Amino acid sequence: MSNVEPDEQEEKPLDPAMENVRRKMVRLQLVSAGIMGVLLMAVLVTIGYKLTRSSAPAAAPVTAGGLAIPSDEPLKAMANLPAGFVIDNTSLSGAQILFTGRLADGKRKALVFDIAVGRIVADIDIAGN
């Protein structure tokens, strides 16, 4: 049959020090596999949660600069500028709009309209060039 001697076919028992090392390695391998299994389950649960989570409600207001803006319709506001005011330039910062222009008599003026408050919050006369 085979030319292998009977002594080589049977495994010889390990000495006690090597047997302890082997047991520790098997235990370490089992603990590592258990931790990896738990972490894999956590990743799968997280992916499942992200896939099944519903999006934010459509009517939830969005806040911008302390101003709640409804998502289903535009925000409406009315800026009451002085009669005869001609707008030269506008600028937006957060919830405030700066209107620069001239009155009917030619005076230059800057008006700051706050959307959150709904009124002119600053009336600035501009002198000079």
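The values are calculated or read from the model by the stated rules, or taken from the named source; none is laboratory data. None of these values were measured; they are calculated from a predicted model. Note that we place each Cβ from the backbone using ideal geometry, even for glycine, and neighbour counts take in every protein chain shown. Ligands, DNA and RNA are stripped out before the accessible areas are found, and what is left, the full protein with its side chains, is counted by its heavy atoms. Shrake-Rupley method; radii C 1.70, N 1.55, O 1.52, S 1.80 Å.
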J(HN,Hα) series, the stretch 18-34, from Karplus relation 6.51 cos²θ - 1.76 cosθ + 1.60, nearest Hz, glycine and proline x: 5, 5, 5, 5, 4, 5, 5, 5, 5, 5, 4, 5, 5, 5, 4, 5, x
Accessible area, 1.4 Å probe, largest first: how do ASP15, ASP105 sort? ASP105, ASP15
Net charge over other residues, Cβ less than 14 angstrom from the Cβ of GLN29 (K, R count +1; D, E count -1): +4
Grab the other residues whose beta carbon is less than 9 angstrom from that of ARG102, score K and R as +1, D and E as -1, and report the net. +1
With a 1.4 Å probe and all protein chains kept in place, how do GLU11, GLU73, GLU19 rank by accessible area, largest first? GLU11, GLU73, GLU19
Which sequence of THR46, THR52, THR100 reflects their accessible areas, 1.4 Å probe, from the largest down? THR52, THR46, THR100
